[in-house]
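So the structure is just underneath, and the comments pick up after that.
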Amino acid sequence: MHEHLQDYIPANGLSQVLKLLEYDNLTVKIKSERKTRHGDYRRLPNGKHQITINSNLNTYRFLITLIHEIAHFEAYKVYGKLIKPHGIEWKRTFQHLMLPFLNPKIFPVSLLPLLAKHFKSPKASSDTDIHLALALKQFDEPNNKTYVFEVPLGHAFKLYNGKVFEMGKKRVKRFECVELKTGRLYLFNPNAEVELLEL
């Protein structure tokens, strides 16, 4: 059932991952890219559990996302359905499951310090950890996208959904950007990928 995973995760992590997936009521499905999430976990009406992961993730991000979703399944099994999705029970489960993978046989040495720091208190998404997200993106397939933090002040850029924004000033962590069509103000993570528009 999970043999197709070998194409998506680092080879040295495969046997450990397969052990975590040895449940008859848990399935993993590989999906085409979804812009709003890397993966998700759901309890199905028939009592089974399903994890979906985007197919376009690089092997390291895919592995982190998969363990993130397995942690939801494990936390549900141990603590029940009343826990917060990314509460302390999930955090501890995620840390425990991820620890054996944090070694240079699986991840590049350059990523290990960033991963160690991230997993002291893992967030709901690795994308909110700007330094880790940028480090992981260097392993992505090349594209013509620009990070928001690289967009010059006052310059226009476009999102995947076609909306066009003008770059504004930085707040504490995020950038204020105005949607040109509506004039509404939005806050962007520095590592959001956008398409720079020629003026």
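The values are calculated or read from the model by the stated rules, or taken from the named source; none is laboratory data. Treat the numbers as computed from the prediction; the structure is a model and nothing was measured. All Cβ positions, even for glycine, are placed from backbone atoms using ideal geometry, and neighbour counts span all protein chains on display.
Taken over region 121-172, the criterion of being touching an Asp or Glu at 6+ places or on another chain (Cβ under 8 Å) and assigned to a strand (DSSP E or B) is satisfied by T146, Y147, A156, F157, K158, V164, F165, G168, K169, K170.
Among the residues of region 136-182, those identified as at pLDDT 90 or above and under 27 Å from L112 (Cα atoms) are L136, F139.
With respect to the conditions (1) free of Cβ contacts under 8 Å to residues at least 40 places away in the same chain; (2) over 18 Å from K19 (Cβ atoms); (3) surrounded by fewer than 21 Cβ atoms within 10 Å (Cβ to Cβ), V78 falls short on a single one, namely (2). Could you please let me know if R61 is at negative phi, surrounded by 15 or more Cβ atoms within 10 Å (Cβ to Cβ) and not in a loop (DSSP other than H, G, I, E, B)? In short, yes.
Among the residues of region 97-114, the ones that are of a type outside the set (V, I, T), in contact (Cβ under 8 Å) with a residue 24 or more places away in the chain and out of contact with any Asp or Glu (no Cβ under 9 Å at 6 or more places or on another chain) come to 8 in all.
Every residue in region 110-133 that is farther than 16 Å from R92 by Cα and of a type outside the set (A, V, I, L, M), please. So that I can check it myself, show each step before the final result.
Filtering region 110-133 down to residues farther than 16 Å from R92 by Cα leaves 110-114, 127-133.
Passing the criteria: S110, P113, D127, T128, D129, H131.
The C-beta contact set for region 130-158 (first residue farther than 17 Å from T59 by Cα, second residue acidic (D, E) and in a loop (DSSP other than H, G, I, E, B), distance under 9 angstrom, 6+ apart or interchain) comprises A156/E198. R42 falls short on exactly one of the conditions (1) closer than 12 Å to F73 by Cβ; (2) in contact (Cβ under 8 Å) with a residue 12 or more places away in the chain; (3) exposed (fewer than 14 other Cβ atoms within 10 Å of the Cβ); (4) not acidic (D, E), and that condition is (2).
Are any of the residues in region 26-43 part of a helix (DSSP H, G or I), aromatic (F, W, Y), touching a strand residue (DSSP E or B) at 6+ places or on another chain (Cβ under 6 Å) and closer than 20 Å to A124 by Cα? Can you show your working first?
Here is the first cut: in region 26-43, the ones part of a helix (DSSP H, G or I) are none.
Within region 26-43, not a single residue is part of a helix (DSSP H, G or I), aromatic (F, W, Y), touching a strand residue (DSSP E or B) at 6+ places or on another chain (Cβ under 6 Å) and closer than 20 Å to A124 by Cα.
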